[in-house]
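Heads up, the thing below is written out as structure tokens.
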Amino acid sequence: MNRYDILAATFNFALANDYIAKNPCVGLKVGRNKAKRKSKKKISIPTLTELQTLADHLPAQYQLLVWLMAGCGLRIAEAMAVSLGQFDFEADVLYVDRQVTQDGANEKPRTQRQKAITKGRGRAHRIRHLKWREADEGRAVPMSAYVARKVQEHVAKFGTYRVEDGANRMAGDYLFSNVGRTNILMYSLADRLWGKARRDAGIPRKVKPHWLRHFFASAALSKGVPVNEVAEWLGHRDPKITLQTYAHIMPDAPSRLQAVMDSVFSCEVELDLPLGFDAFVEAA
């Protein structure tokens, strides 16, 4: 359904700007159950050994990417864009509010070759605010002491790469840059480094960066962290997405509930609940 909504919104924009005469999505019925069945896919989760092995085989200045994705649930685009100002080491929180994308505006091409490369394409890398979020909207992810220590070690050893506000850029002291420290970390380099690390490590499975995000969610949910909190830290607008994706990770949820209720009714634990409270809900 998310893809359909985006497509419909695109056609609405085109219609409003007189690019098309009619929105083909008007009156079209899309079954939610059918859409969900089509969108099902296999979720792969790396082992802790695979994570450590991958980190060990990445160049030292990029090893932190592994722990930001596996330890804080970041997407690769978000991890590439992490800046020092996003960390609160006193509260042990990482505030995620930006990412690297390939939809920036290109400079005006000066040569025929540049024109051929950029024609009709938005190839420029940029650091931008999170897609589909308001300018002041981000998410605060709790940071373990292990990850915090890795971040501090990284900064002490490699420093940061300063970026000023400008075309396709958001100001900040970024943790990652290209090898020569002359530009931001781009997808082509990150992809090349990741593939080489996996091959050098001799890992038979084709572990992808997004698997590390699955590791974060699965580890948290399997140990009883509430699904609504994990959804917020992943950046899922609806906890149902998180639940549908990772339900198989929580097979002992019914037994945990039964144990809790048994301990309550047998007075093994003492409940200290309010007699009532105000609930804040969004209006329909």
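Points to keep in mind about this one:
- Only listed residue being touching a Pro at 6+ places or on another chain (Cβ under 8 Å) and surrounded by 14 or more Cβ atoms within 10 Å (Cβ to Cβ), chosen from Val207, Val225: Val207
- Qualifying residue in region 226-239 (condition: part of a loop (DSSP other than H, G, I, E, B), under 17 Å from Gly71 (Cα atoms), touching a strand residue (DSSP E or B) at 6+ places or on another chain (Cβ under 8 Å) and touching a residue at least 24 places away in the same chain (Cβ under 8 Å)): yes
- Of the criteria (1) of a type in the set (Lys, Arg); (2) over 24 Å from Asp97 (Cα atoms); (3) over 21 Å from the mean Cα position of the chain (by Cα), which one Arg181 fails: (2)
- Residues that are closer than 17 Å to Val179 by Cα and without any contact (Cβ under 8 Å) to a residue 12 or more places away in the chain within region 143-160 comprise just one, Gly159.
- Cross-chain or 6+ apart pairs with Cβ under 7 Å, region 62-73 first and over 17 Å from Gly159 (Cα atoms), then polar (S, T, N, Q) and surrounded by fewer than 23 Cβ atoms within 10 Å (Cβ to Cβ): Gly71/Ser144
- Within region 86-159, strands (runs of 3 or more DSSP E) holding 3 or more residues that are at pLDDT 95 or above and within 20 Å of Leu189 (Cα to Cα): 98-104
- Given (1) over 22 Å from the mean Cα position of the chain (by Cα); (2) free of Cβ contacts under 8 Å to residues at least 60 places away in the same chain; (3) assigned to a helix (DSSP H, G or I), index of the condition Pro204 fails: (3)
- Applying the criterion of being under 19 Å from Gly138 (Cα atoms) and among the basic types (Lys, Arg) to the residues of region 211-257, the residue that is modelled with the highest pLDDT is Arg213.
- The residue pairs whose first member lies in region 257-273 and is without any contact (Cβ under 8 Å) to a residue 40 or more places away in the chain, whose second member is small (Gly, Ala, Ser) and surrounded by 10 or more Cβ atoms within 10 Å (Cβ to Cβ), and whose beta carbons are closer than 9 Å, counting only pairs six or more residues apart or on different chains, are Val269/Ser263.
- For Ala81, the stated conditions hold: it is modelled with pLDDT of 95 or more, among the hydrophobic types (A, V, I, L, M, F, W, C) and under 30 Å from Lys206 (Cβ atoms).
- For region 66-85, a residue qualifies if it is assigned to a helix (DSSP H, G or I) and within 22 Å of Asn168 (Cα to Cα), and the qualifying residues are Ile76, Ala77, Glu78, Ala79, Met80, Leu84, Gly85.
- Qualifying positions in region 160-178 - outside any strand (DSSP E or B), among the small types (Gly, Ala, Ser) and under 15 Å from Asp97 (Cβ atoms): Ala171
- Any hit, region 204-218, residues being of a type in the set (S, T, N, Q) and over 16 Å from Trp67 (Cα atoms): no
The values are calculated or read from the model by the stated rules, or taken from the named source; none is laboratory data. These numbers come from a predicted model, not from an experiment. All Cβ positions, even for glycine, are placed from backbone atoms using ideal geometry, and neighbour counts span all protein chains on display.
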